[in-house]
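The values are calculated or read from the model by the stated rules, or taken from the named source; none is laboratory data. Model, not experiment: these values are computed from the prediction. Ideal geometry is used to build each Cβ from the backbone, glycine not excepted, and the neighbour counts take in all protein chains shown.
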Amino acid sequence: MKGLIAMAAFILIIVGLLLALPTPPDVSSTDALNKQVISKQNRLSNNKSDDSQLSLNEKKINHQLIIKGASWFDGDTWHHDSPLIVIDGRVNFSSDFSEELSDLPVIDFSGKYIIPGLIDAHTHTWGSALQQAVRFGVTTELDMFTQPTFVTQAKQQQSDVADRQQADIFSSGILATSEGGHGTEYGINIPTIDSPEQALEFVKQRLAEGSDYIKIVYIQANKKTPFTSISRDTLNALVKAAHQMNVMAVVHTSDYESAYHAVSAGADGLVHVFHDQLISNDLLLLMKQKNTFVIPTLSVISSMFGKAGTNFILSNSPLQDRLTPAIINQLEQSFDAHTPSKNALNIAQKNVQLMHQAGIDILVGTDAPNPGTAHGVSIHNEMQLLQQAGMPVLSILKAATSLPGKYFPVAKRGQLIDGARADFLVLSKNPMQSINNTQFIEHVYKNGYPINVNHTEASNIKLPAKLADFKHDLSNQLTSNPFFSTSDDRFQGNSAANIKWQNIGCDTMGSALITGSIGQSFPYPWAGAMLTFSENMEIPVDLNADYKQLEFNVSGTPGQYRLLVFTQGLQRPAEINYTISPTDNTCQQISVVFEQHSSINWELVTGLAWVANKEHKAFEFMLDDIHFKAKTKKH
């Protein structure tokens, strides 16, 4: 399992962002389109989950309070003179409690502003993402691709209104894509779909796994891309099958024409806005007629074009104190440039403006945790970018709170109405004056309970100078986790690796012997040995605290190899190349000087891997005496 977690992190997260559409399909008559819209509205209405009925666990909860003095937004309207009442973790406007209100505890938030907990409508969620998100005011995440087992466990924890220090989640689970399509490059073994005939069964399988809606990946045939795609007929069949099963179908598209096909198919929403060209009047009309919503994910589009970082966080914002080094590390990453268009973000924002002006619903989503984004905090960047695109503040607030509930089965989340979970933010500044004021979060409440917003993840691991000498086995001096073999065969690649201890080494006292081969069937092949510094790779080790370099001895098949350095907050490890020379099995010492690799955050290292390069069809190398060289002490 450690190898699975580690190498899932190794896969480069490439978001095939984006969007768009081409030649207009045949448009039906106005009457037929009206019937489609009415049918869609009925389906969406039936699709709303309702958790207003108290479960047995909820009935045992006696959590009640009155909040007075604040101006508060219910997701649609501002209230200035009425209290906000919480009974058993839910907003309550019932007069049945009028005689008991005098006995409830009162919190005075005079001069403050309260808004519903924010909903990030496009994330990819695992690990501690839900705990991180809620500290920045995101109380619900709409996930667009993750493992169903993670969602199942998270939903069990959100089934009541107890004190949960994490956001709620709704998810598409496994996305619908073709063999070799976008979504398969991450190394996760997922089912794929190749024909329209498979659509209904594919949808049924996702719903059996617990998916709340269906996400489809589609790229029109004329677009050049390294990925395959389902056909247009299969797209149509998947949307039809989802609607037949009374759930939504949302579509990831990569250009204008693809988006046109998705809207024509009846997709409920597009989960990215396209940035290759401006939207046409024909598509605007079709989206309006089809009642199609859009989740632009401007944050990750911005990151794709080198505009990542923490500049969107105001210097006097309380969010500054909630940033961990790992979050900063993640926000400062950006995608490798892969498009010649420097105006892509401007085009995307102009499309958002035109869509909003046409009455098309825009939802707030970030696509976290792709490079340049992070769970929770990036929603504030997304709202800034939407305001820059011309959306009014009130529209943005609705898009981040109540509007997702118009489409997604989130019950009454994102609203402060009777029976809704008491998820809300207490702000010290008025968000109606500037959307940036959503950053001035003094308190976050989830189910009526305050969130520990200043939680940080700290490591108290003391790093020994000698990490491993392999004198007796494959153990190390830092953790109880031994070195293990790792390769892309875990994810349907055809590379292979094996590690074993041998009683000879560079110092004749033992070493690790790694053998294997590099295949060609995986986009990012690897094979070698790995060490993680914690069970789930979420606890970092500060290599830079006392040491200036890492040294290790190697010998074996000549050629180039790579040291992979995993750091907290990033999905892609840094790669440091080194060479084993043909020296008749004589050991070589490799030195990695930290300051020569300043782009790596050596204070947040979660794992290391020694892997062969693509040139090796077969390899064998010995690894021994891994240690750190101390910094020179200043007197």
Candidate set: the range 335-348, residues that are surrounded by fewer than 18 Cβ atoms within 10 Å (Cβ to Cβ) and part of a loop (DSSP other than H, G, I, E, B); chosen: the one modelled with the lowest pLDDT: 340
Given the range 178-268, what helices (runs of 4 or more DSSP H) lie entirely inside it while holding 1 or more residues that are over 29 Å from residue 361 (Cα atoms), assigned by TED's automatic domain parsing to the domain that holds residue 352 and more than 26 Å from the chain's Cα centre (by Cα)? 199-209
Any pair with Cβ under 8 angstrom, 6 or more apart, that starts in the range 122-140 at a residue that is farther than 18 Å from residue 163 by Cβ and ends at one that is among the basic types (Lys, Arg): 136/322
Looking only at the range 393-443, how many residues end up being of a type in the set (S, T, N, Q), closer than 21 Å to residue 362 by Cβ and touching a Lys or Arg at 6+ places or on another chain (Cβ under 8 Å)? 1
Selection from the range 416-430 of residues that are surrounded by fewer than 24 Cβ atoms within 10 Å (Cβ to Cβ) and touching a helix residue (DSSP H, G or I) at 6+ places or on another chain (Cβ under 7 Å): 429, 430
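Just need a number here: residues in the range 325-334 that are part of a loop (DSSP other than H, G, I, E, B) and either buried (at least 20 other Cβ atoms within 10 Å of the Cβ) or modelled with pLDDT of 90 or more (or both).
1
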Pairing a residue in the range 601-620 that is among the charged types (D, E, K, R) with any residue that is surrounded by 19 or more Cβ atoms within 10 Å (Cβ to Cβ) and not in a strand (DSSP E or B), where Cβ atoms lie under 8 Å and the two sit 6 or more apart in sequence or on different chains, gives 603/540; 603/543; 614/518; 614/525; 615/518; 617/518
Would you check if there is a residue in the range 128-146 being over 22 Å from residue 272 (Cα atoms), in contact with a Pro (Cβ under 6 Å, 6 or more places away or on another chain) and modelled with pLDDT of 95 or more? no
Residue by residue through the range 149-185, note down the ones that are touching a Ser or Thr at 6+ places or on another chain (Cβ under 9 Å), touching a residue at least 40 places away in the same chain (Cβ under 8 Å) and closer than 30 Å to residue 419 by Cβ. 151, 155, 159, 160, 161, 166, 167, 168, 169, 170, 171, 172
Scanning the range 353-383 residue by residue, the ones that are crowded, with 24+ Cβ neighbours inside 10 Å and over 22 Å from the mean Cα position of the chain (by Cα) total 1
